[in-house]
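Worksheet for the structure shown next.
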Amino acid sequence: MGSEITENLRGAFRLATLASCQRYQPGISKRKSWLSLPRALPPPMKGEHPMLRCLSHVFMSAGLLLCSIKAASNYSTAVLSDHPVVYYRLGEANPAVAVDSSENGHSALYVGGVVLGQSGAIDVDNDTSVGFDGSTGYVNCAFDPFSASGATVEAWIRPTRASAPPYPTTQQLIAGILGSTALTFGRTPGYATAWIWPTSGRNGGSATSPGDWKGVQTAAPLAMNTWTYLVQTWDDTTKQLSIYVNGTLSATAPQPGITAGEQLGTYPLTIGGFGNLGYEQRFQGGIDEVAYYNRALSPQQILAHYNAAKGILVRSGILSHIAAGGGWNTTITLVNTSSVPVTARLVFRADNGGALSLPLVTRQQGVSQTVTTTQLDRVINPNTTLLIDSGDQMSSTVVGWAEVLTSGPLGGLAIFRSTPQNGSPSEGTVPLQSQNPSTMTLPFDNSAGFVMGVALVNLSAGFANITATIWDDSGNQLGTQAIPLVGDGHMAFVLPTQLPLSTGKRGIVQFQSTAAEGIAGLGLRFSPFGTFTSVPAILSQ
């Protein structure tokens, strides 16, 4: 019986491999490939074990689906996860105190012409902002967060005055430390500028001379009366001063030989103006969500903050295989361990990349719902779980994969299960793959009646060559083989069929893609007893 199952298994994968090649080779009719038929799988082959009915599709991995939708805001969570020294959301109703939402508790004071409770910058958040009158209003943080190793000043602004009056104003302070690091607006009308004040490498001049400061200006003017996300970073290791607009690098300038310092002594961080110091530089318009870090944030962190503010869903990972009907069902589990709600969208795709419609049962906080859909949107509350079950409602088996897009961090997995009419059920676990490696490695054991299978996925929209390199368990290289994959394509096979050098051996096989977008994959270990288990691939960056 075991040898019969193994032979049927090899036959099923041989068909899958041939059909996959036929489907994408020019001049070969799709009618020659049973894999190119609609989603329902063909009847089992004569003598085929019921478990093998879906084996040629057991491995599904996904291409990329670019999608963005609005979700509940996770902006403050994203900011706090990067540990700012201070973080002022500026959403208070109290006209005196601006609360520091960081773990450090440096509350600030509102001074002069400020108007609280204005519409906030985060359009999927109810938090408010502060309006500054450009004359007397500012926020005194009464704390100096300066660090010589680096700095990030982060804020949202809605300017209503493109330029500032002549000196001593000259420009409008968004947030910064006098004589140190500062983010300003309007020195050139409509432009924002990131500044540092060096302790070495200065151009000379007086405390009021622009020659003392090192600055970098945005590449283009900002929109007036519109919220814009601005970030200034200074990295003392790389000596790079940069400014970002709406999550994207706008301009950067190397500052060799410069060490940032506090040329005028110790002053507190202020927002909307430097205070009553003779060069107040008052800002006119709205300011919101100000944070200061004692290091330079990475471009990835800055973009993540912007995406969180806009409620843009980004890919958390891919579930590389789902199977439903004909004795198969898949259960997807998504878990939110954060402190805020997370919006999740699951997009289901067939093996040809088209939409896959599935009858689903969702279970969430004691409530069950039944829906047939190609995509599913849900909000998952903190410390709760969403279960999605494909069930076994269809007589024919359909297979595919799912991409998980979220507004914040989620964990998850999928379990696909085969329940044959005769024999023991088997199931495999599909991890939520969040990496896009160019290389993945799979240990294999093709001895004593066991057979290793693998699925490979090209995560690029364009063609890629996958190079398979095989080593035995003593570290001897057995050979290499090129495996072509079309854009967003996948191939599933047992190793002895596609890589005959692995027949009867133990070892590892490494798959490396030429595509920058990387590959995804999953392994399955089939036993001579008619059962299987999943084997996660070892991913490399």
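Along the stretch 75-87 the Karplus relation, 6.51 cos²θ - 1.76 cosθ + 1.60 evaluated at θ = phi - 60°, assigns HN-Hα couplings of 4, 4, 5, 5, 5, 5, 5, 9, 6, x, 6, 9, 8 Hz to successive residues, with x for each Gly and Pro. From most to least packed by mean Cβ count within 10 Å, the peptides 480-488, 189-197 give 189-197, 480-488. Taking a ≥ b ≥ c as the square roots of the eigenvalues of the Cα gyration tensor of the stretch 373-479, is the shape rounded (a/c under 1.5), prolate (a/b larger than b/c) or oblate? The shape class here is oblate.
Might you report the magnitude of the Cβ-based charge dipole of the stretch 267-380 about its Cα centre, with Lys and Arg at +1 and Asp and Glu at -1, to the nearest 20 debye?
On the way: 8 positive and 5 negative charges, 42 e Å.
Magnitude of the dipole: close to 200 debye.
Converting phi to 3J(HN,Hα) with the Karplus coefficients 6.51, -1.76 and 1.60 and the offset θ = phi - 60°, the stretch 151-166 yields 7, 9, 10, 10, 6, 10, 10, 10, x, 10, 10, 6, 9, 10, x, x Hz in sequence order, with x at every glycine or proline.
Measuring between their Cα centroids, the stretch 423-502 and the stretch 222-263 lie 44 Å from each other.
About the centre of its Cα atoms, the stretch 377-508 shows a dipole size close to 160 debye [charges on the beta carbon of Lys, Arg (+1) and Asp, Glu (-1) only; nearest 20 debye]. Phi-derived couplings, Karplus 6.51 cos²θ - 1.76 cosθ + 1.60 at θ = phi - 60°, listed residue by residue for the stretch 95-111: x, 10, 10, 9, 7, 8, 7, 6, 6, 9, x, 8, 5, 10, 10, 7, 10 Hz, with x used for Gly and Pro.
Is the stretch 75-310 best put as rounded, prolate or oblate by its Cα gyration tensor, with a ≥ b ≥ c the root eigenvalues, rounded for a/c under 1.5, and otherwise prolate when a/b is larger than b/c, oblate when not? Before the final figure, lay out each step's value.
Details: a/c = 1.38, a/b = 1.20, b/c = 1.16.
Note, shape of the stretch 75-310 comes out rounded.
Note on Ser395 and Gln365: the extension gain reaches 7.8 nm, defined as 0.36 nm multiplied by sequence separation minus the Cα-Cα distance. Once both labels are positioned 7 Å from their Cα atoms along Cα-to-Cβ, the gap between Asn476 and Thr337 label points is 4.4 nm.
Just so you know, all these numbers are worked out from the coordinates, no wet-lab data involved. All of these numbers come straight from a predicted model, not from anything done at the bench. Quick reminder, even Gly has a Cβ in these numbers, built from the backbone with ideal geometry, and neighbours come from all protein chains shown.
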